[in-house]
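Contents: one structure, followed by commentary.
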Amino acid sequence: MLLRHIRYFLAVAEQRSFTRAADALHVSQPTLSQQVRQLEDMLGVQLFDRSGRAVRLTEFGEVYARHARAALHELDAGQRALHDVADLGSGSLRLAMMPTFAAYLSGSLIDAFHADFPNVALTIDAMPQERIEALLADDRLDAGFAFVPPRAPDIDALPLWDESLALVTARTHRLARRRRALSPAELVG
């Protein structure tokens, strides 16, 4: 069994179509079908129900897909780890930050990072904290910038700084003369 068989199988499972999976993988549909049939022959079970318009996983396919995804996830993590050990000066870093941080952090962060690590491909995406934590737990991100404490129990956080939130008004606004923290009720009035 080759890794290609597993990747092709998972693509069909995700797309629920041999045609769409072949397009996504940039292979011909007959080649993809042949590879999936070979995998089914090797395993001795039918992985897909091909009787309807959409392709569906059989019970065997559901079980195998869970294990195949986990195996590919571990193999990808192992490949990244080897790459990191072999050459700390190159590779990739997958970051995410909440949109509120992205506006003022990403530009300076990218510039500073590329100055120190010119051969490392940096990917930064803006997304909600829940998504950041989910992708970290799934090893689809290397790190993220979000509020502490994290909501997910399997995520660790290192506080970087304290941030103050301020109300900004025109000098002539009635709240501009206030010098103490405001309550929510005072903001509404």
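Below is a table of values for the structure above.
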| item | result |
| --- | --- |
| The range 141-175, subset assigned to a loop (DSSP other than H, G, I, E, B), hydrophobic (A, V, I, L, M, F, W, C) and touching a Lys or Arg at 6+ places or on another chain (Cβ under 9 Å), residue modelled with the highest pLDDT | Leu141 |
| Residues being touching a Ser or Thr at 6+ places or on another chain (Cβ under 9 Å) and of a type in the set (Phe, Trp, Tyr) - total across the range 101-131 | 1 |
| Residue list for the range 85-138, restricted to those being of a type in the set (S, T, N, Q) and assigned to a helix (DSSP H, G or I) | Thr100, Ser106, Ser108, Gln129 |
| So Leu182, is it assigned to a loop (DSSP other than H, G, I, E, B), touching a strand residue (DSSP E or B) at 6+ places or on another chain (Cβ under 9 Å) and surrounded by fewer than 13 Cβ atoms within 10 Å (Cβ to Cβ) | no |
| Cβ-Cβ under 8 Å pairs, at least 6 apart or on other chains, the range 1-25 side exposed (fewer than 14 other Cβ atoms within 10 Å of the Cβ), far side small (Gly, Ala, Ser) | Glu14/Ala21 |
| Residue in the range 104-114 that is touching a residue at least 24 places away in the same chain (Cβ under 8 Å) and farther than 30 Å from Leu10 by Cβ present | yes |
| Selected residue (only one of Gln79, Gln34 is modelled with pLDDT under 90, exposed (fewer than 14 other Cβ atoms within 10 Å of the Cβ) and either assigned to a loop (DSSP other than H, G, I, E, B) or outside the structural domain of Asn119 (by TED's automatic domain parsing) (or both)) | Gln79 |
| Test for Leu93: is it touching a Leu at 6+ places or on another chain (Cβ under 7 Å), modelled with pLDDT of 90 or more and either of a type outside the set (A, V, I, L, M) or surrounded by 12 or more Cβ atoms within 10 Å (Cβ to Cβ) (or both) | no |
| Test: Asp156 is closer than 13 Å to Ala96 by Cβ and either surrounded by 10 or more Cβ atoms within 10 Å (Cβ to Cβ) or among the acidic types (Asp, Glu) (or both) | no |
| Exclusive hit being under 16 Å from the mean Cα position of the chain (by Cα), within 26 Å of Leu75 (Cα to Cα) and acidic (Asp, Glu), set Asp156, Asp125 | Asp125 |
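The values are calculated or read from the model by the stated rules, or taken from the named source; none is laboratory data. In this text the structure is predicted, and so the values were computed from the model without any measurement. All Cβ positions, even for glycine, are placed from backbone atoms using ideal geometry, and neighbour counts span all protein chains on display.
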